[in-house]
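Notes follow the structure.
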Amino acid sequence: MAGCGSGGGADSAVDPTEIRQNAKDAYTYGYPLVLMERTRQVATGVSRTEGSRAPMNQYAHIRTFPNPDFKDVVSPNVDTLYSIAWLDLRAEPIVVTVPDARNYAAPGDDARYYLLQMLDGWTNVFDSPGLRTRGPKERSFLLSGPGWQGQVPAGMEQIPSPTSMVWITGRTQVNDAADMPLVHAFQDELKLIPLSSWGSSYTPPTNVPIEDGIDFSSSPAAQVDGLSAQDFFAELSLLMAHNPAASYDAGMLGKLAMLGLVPGQPFELSQQPLAQALAIEEGYRLGRERLQQLASRSGAEPVNGWTVMTSDIGSYKDNYDMRAITAMVGLGANLPEDAVYPRTAKDGSGGALTTRHRYSLSFEAGQWPPANAFWSLTLYDSDQALVANPIDRYAIGSRSELMPNPDGSLTIYIQRDAPSGAMVNNWLPAPQAEDQSFNLIMRVYWPKQEMLSGEWLVPPVIRVAP
């Protein structure tokens, strides 16, 4: 620690144990915000929209579903098309418009299911405009940053963001390939317009300057893991100037102050007394190790072999552990009210799911997955990628042409080979290799109360053949 103060009277006032603990806690507290910033940099480091990336305050619309060759994201879904945007609300609010979802309904549906999940810089979902929360009508929202006091245009709903950084992850339901053009048309009517340009013809700029210093060579998570204590806390301090702490963070702000971290002010370990600087570095290391350990064993206790989170996710308040764990293992988690994701890699007897066996998943009559929108079951290999199969079916669910049993129950067949006759409609193909492990993720969009309360449980996966 060359350059640190030599100590003297200042060092004698330092309690290394307390400083170490405060630095450990501060790492957990600040991790989501720093990870969000690094994710934002990579996602917006383009001069114009390219695939899943777009400049700030612009949408990147994903137009196709992933296939087994897609490895950019683990556990990709084949239920919805994404519309992704990162916003900076420091200069002015952004108008977010959505079209009338009834005009884009698939045949047999009343309206197109969609969701605009809005995360603040700390990864809390502060609003989720969509069919569940606002209904199907055309809407215009004024998304404003901290402290904005301007006039809200007539007929517009203001959504105040707690932070200047906002991540919008839009999801629009897709039923099948024939449904894609209608979904694309819906996506095209999702608009982001600066308030100063509202009411005039506005075209998002191209050839936007790219920020200096963006690391495109490693993942955002790897970037954060590689930061020193000095760099991590310095970045956290600068980010907190425009992404302020919440009222319930008062105690944590006191801990940060003891580390010499004041939001918006430069943080310099080299200006700290030697004993304090060493304690901060040690606490930072311990905090990083602790979070990695917590993340490695995170998840609810399995029931019927399935793990599912129906609480304490998406909005965390001062549950800093859960907030940081969720950011590390699945940045951008939804509110349970919007979507729930049961997952399993085991059958009901505790055996690993493998292509050596055939399996079934059965729902009793009247006990199919309780979704107000729709549900799906997707199969992944051990790398969490989709699995190639003879019929190019990667998921099955309420949008599929399922064949109920005569008594109204439903059986899904999970196996390498196709079941006979009409039951092929209920087939979720497993990997074609003879001895390959796999896992399942169910997605329940807009789940009903019986799922959120735990009254409805996913049945066990049953091994039906050797």
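Observations on the model:
- Dipole size of region 320-465 about its Cα centre, with +1 on Lys/Arg Cβ and -1 on Asp/Glu Cβ: approximately 100 debye, rounded to the nearest 20.
- q = 0.19 Å⁻¹: log10 I(q)/I(0) that the Debye formula gives for region 87-218, counting C-alpha atoms only: -1.17
- Separation in nanometres of the label points that stand 7 Å from Cα toward Cβ, at Ser349 and Ala433: 2.4 nm
- Taking a straight Cα-Cα cut-off under 19 Å and skipping sequence neighbours fewer than 8 places away in the same chain, the aspartates and glutamates within cross-link reach of Lys137 are Asp100, Asp109, Asp110, Asp127, Glu157, Asp188, Glu189, Asp338.
- Between Ala250 and Met403, the simple spin-label model (points 7 angstrom out along Cα→Cβ) gives 6.5 nm.
- Charge dipole (Cα centre; +1 on Lys/Arg Cβ, -1 on Asp/Glu Cβ; no other charges) of region 19-150 amounts to roughly 180 debye.
- Residues whose placed amide H lies under 5 Å from that of Gln158, excluding near-sequence neighbours: Leu142
- Kirkwood hydrodynamic radius over Cα pairs of region 389-433, then Stokes diffusion coefficient at 20 °C and 1.002 mPa s, in µm²/s: 195 µm²/s
- Unit charges on C-beta of K, R, D, E only; dipole of the chain, Debye: 460 debye
- Ser298-Arg356 FRET efficiency (beta carbon distance; Förster radius 30 Å; 0.05 resolution): 0.55
- Each label point was placed 7 Å from the Cα along the Cα-to-Cβ direction; for Gln449 and Asp231 their separation is 5.1 nm.
- Net lengthening on full extension, Ala241/Asp72 (0.36 nm per residue, minus Cα-Cα): 57.6 nm
- Each DSSP beta bridge with both residues in region 110-171 is either parallel or antiparallel, and the antiparallel ones are about 70%.
- Answer label for Cα extents along the principal axes in Å (calculated), chosen among [x] 57, 53, 41; [y] 83, 58, 39; [z] 81, 58, 51: [y]
- Cross-link pairs Lys191/Lys317; Lys24/Lys346; Lys191/Lys346; Lys24/Lys71; Lys24/Lys448; Lys346/Lys448 - those with Cα-Cα distance over 32 Å: Lys24/Lys346; Lys191/Lys346; Lys24/Lys71; Lys24/Lys448
- Relative contact order for the chain, counting Cα pairs under 8 Å that sit 6 or more residues apart, in percent: 19 percent
- Relative packing of 113-126, 149-162, which averages over residues the other C-beta atoms within 10 Å, highest first: 113-126, 149-162
- The stretch between Ile214 and Glu138 holds 23.6 nm of extra length on full extension. This uses 0.36 nm per residue minus the Cα-Cα distance.
- Each DSSP beta bridge with both residues in region 376-466 is either parallel or antiparallel, and the antiparallel ones are about 75%.
- Hypothetical label at Ser200: residues of region 88-105 whose amide nitrogen lies under 17 Å (7 Å Cα-Cβ projection): 92-95
- Within the chain, antiparallel bridges make up roughly 90 percent of the DSSP beta bridges whose residues both belong there.
- Going from the fewest other Cβ atoms within 10 Å to the most, the residues Arg63, Arg112 appear in the order Arg63, Arg112.
- For region 45-197: relative contact order, % (alpha-carbon pairs under 8 angstrom, 6 or more apart): 29 percent
- Residue order, fewest to most beta carbons within 10 Å, for Thr310, Thr326: Thr310, Thr326
- Leading residue at positive end of dipole, the chain (Cβ point charges), from Ser201, Thr310, Pro404: Pro404
- In the chain, taking the dipole from charged Cβ atoms about the Cα centre, the farthest positive-side position among Ile441, Leu353, Gly366 is held by Gly366.
Each reported figure results from applying straightforward, stated rules to the coordinates on display, with no laboratory input. All values derive from a computational prediction rather than experimental measurement. With ideal geometry, Cβ positions are generated from the backbone for all residues, glycine too; neighbour counts draw on all protein chains shown.
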